[in-house]
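**Student:** Below you'll find the structure I mean.
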Amino acid sequence: MRLAFVVFMTLVWMVQAQDNVRTIDIVLQKSHYTPDQVEVHKGEKVRLNLKSLDVTHGFAIDELGIAREVSPGPPTVVEFTADQVGSFSYYCVVRCGKGHLQMRGTLVVKE
Ligand SMILES: [Cu+2]
């Protein structure tokens with residue numbers, strides 16, 4: 001009986017933990033991010049599924065200490081907690097082609 005309760009509470013916790021994560025898909029292709037603007041709320045746990053459809057790109061947000069390569073294939077997953085309000089640029093850190101230096105987007109964290 002007690003074990004059943006523990007299992008039940010663990011399941012409740014797992015479902016809540018999942019609900020708490022904001023999952024956002026971002027496609028990387030031809031030196032563009034789609035979407036190039038993402039909005040979340042302060043305190044949210046964010047999971048970005050980064051998927052390249054052509055060559056290896058990059059994804060960096062300086063303020064959050066994120067810098068990753070994103071190769072074609074399975075998504076590259078980046079997770080963080082949005083703990084400060086503001087606008088944060090994300091940009092490419094891998095020379096991916098002509099538009100590389102313009103490959104940017106904005107993460108907006110709202111109150
Ligand atoms: Cu690039």
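We did not get these values from a lab; they are worked out from the coordinates using the rules stated. Please read these numbers as outputs of a predicted model, since none were measured by experiment. Quick reminder, even Gly has a Cβ in these numbers, built from the backbone with ideal geometry, and neighbours come from all protein chains shown.
**Student:** Return the lysines within reach of LYS98: Cα separation strictly under 17 angstrom, same-chain partners fewer than 8 residues apart disregarded; answer none if there are no such residues.
**Tutor:** List returned: LYS30.
**Student:** Under 14 Å from the Cβ of GLU39, count the other residues' Cβ atoms, weight Lys and Arg +1, Asp and Glu -1, and hand me the total.
**Tutor:** On the way: positive: ARG22, LYS42, LYS110; negative: ASP36, GLU44, GLU111.
Local charge sum for GLU39: 0.
**Student:** If the reach is capped at under 15 angstrom between alpha carbons, list the aspartates and glutamates near LYS45, excluding any in the same chain fewer than eight residues apart.
**Tutor:** Correct list for LYS45: ASP19, ASP25, GLU79, ASP83, GLU111.
**Student:** Which whole-number percentage describes the relative contact order of segment 22-110, with Cα contacts under 8 Å and a sequence gap of 6 or more?
**Tutor:** On the way: 222 pairs, mean separation 31.4, N = 89.
The value is 35 percent.
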